[in-house]
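Chemist: Just passing along the structure, written as structure tokens.
Any read-out appearing in this document is the output of simple, stated calculations on the displayed coordinates, not a laboratory observation. Treat the numbers as computed from the prediction; the structure is a model and nothing was measured. So basically every Cβ, Gly included, is an ideal-geometry build from the backbone, and we count neighbours across all protein chains shown.
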């Protein structure tokens, strides 16, 4: 019986030994990756293109069209949801001047995905390019009815009517669009359209609807600037007044007040502008009135007297103190500085208000250092009230 060794059960497999680089010195000629790519590009063979086919016979043309249509139909069966294939198919039919078949392809594509606004755009552009105006109108009308929130469809529809000189038709399309309450740009486009044809009253009526649809500060300012541009100073002022009645408590009210004051300033109504600034400073929260204070100080420096400039500067410092006491209400040193500022102004109501707000911030029971300053607040308040009462007593005795 033969042994296992003779049968090869324990034959040893010899693996190749790892090669070692004996010479690690750099080669005398270095080859870069750029050189390799350039040589590969140079040695690349020219692309093989099929020969151009010249069709001179109606039978050959029919065979060519049949073959191409079969290719497109087979491709559509495989990738029905690929809109790019549908577009290429329809455009090819258009290139063959077979517009009925092209429309059939577009309509089949819309049955697959009518929400794709690119399909509607391409379809209508083909009709316009080949001067099928009524067909194009039909496409646009269906598109804006099914996809009224796609602004591009409305713009293209209106642009076509305007190019054709159909101003009334373009206006009618705009009115249909405004019924959907579009964004601000849509309304402004309608206004620009009317202004191109010098329809000032129509534009004014659109502005009225615009500020009702978008009651924002920017909308009212645009309306007022429109009136000012047309020389209607009274209408412009009325716009600002209506805006302040509606948006005095809005987050952007500061911008509205500044715009109103600057309008009065341009009209040489400095007292009106001053009243607007003061009204705004009394009604807008201090945290949102930084730019308003800066504008007011600049206004007083330009048009005010010494007292007005000092009042504006005091108002700016008052704003700074308000910010500081809002951040740290237990910083009584800031309250003392604030009170001195108001005492320098001499307005008793303001002084009492600041005292009352200061003493309302009761310090924690454990913090002794806070209580020392807090007690001095009460002492100063009592002294102020005592001095104020003495000033109010009538003088005794005769002349």
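Chemist: By per-residue mean of other Cβ atoms within 10 Å, what is the highest-first order of 105-112, 136-143?
Modeler: Values: 105-112: 17.1, 136-143: 19.9.
Sorting 105-112, 136-143 by mean packing, highest first, produces 136-143, 105-112.
Chemist: Okay, next question. First measure r as the distance between the Cβ atoms of residue 283 and residue 30, then evaluate 1/(1 + (r/R0)^6) with R0 = 51 Å and state the FRET efficiency to the nearest 0.05.
Modeler: 0.05
Chemist: Also, quick follow-up: How many percent of all Cα-Cα pairs in segment 49-135 sit more than 19 Å apart?
Modeler: 44 percent
Chemist: Using a Förster radius of 30 Å, what is the FRET efficiency between residue 141 and residue 111 based on their Cβ-Cβ separation? Nearest 0.05, please.
Modeler: Step by step, r from the Cβ atoms, then E = 0.95.
Chemist: Given 0.36 nm per residue, what is the gain on full extension from residue 266 to residue 181 after removing their alpha carbon distance, in nm?
Modeler: Taking 0.36 nm per residue and subtracting the Cα distance, the gain is 27.2 nm.
Chemist: Let me ask something else. Please give the length that would be gained between residue 68 and residue 44 if that part of the chain were fully extended, namely 0.36 nm times their separation in residues minus their C-alpha to C-alpha distance (nm, one decimal).
Modeler: Gain on extension, residue 68 to residue 44, equals 5.5 nm.
Chemist: Give, in nm to one decimal, the length gained when the segment between residue 383 and residue 149 is fully stretched (0.36 nm per residue of separation minus the Cα-Cα distance). Walk me through the numbers on the way to the answer.
Modeler: On the way: separation 234, 0.36 × 234 = 84.24 nm, distance 6.89 nm.
Contour length minus the Cα-Cα distance gives 77.4 nm.
Chemist: Take the alpha carbon atoms of segment 239-265, find their center, do the same for segment 269-290, and report the distance between the two centers in whole angstrom.
Modeler: With segment 239-265 and segment 269-290 each reduced to a Cα centre, they are spaced 10 Å.
Chemist: Can you give me the Rg/Rh ratio for segment 140-288, using Cα atoms for both radii and the Kirkwood formula for Rh?
Modeler: Rg divided by Rh gives 1.08.
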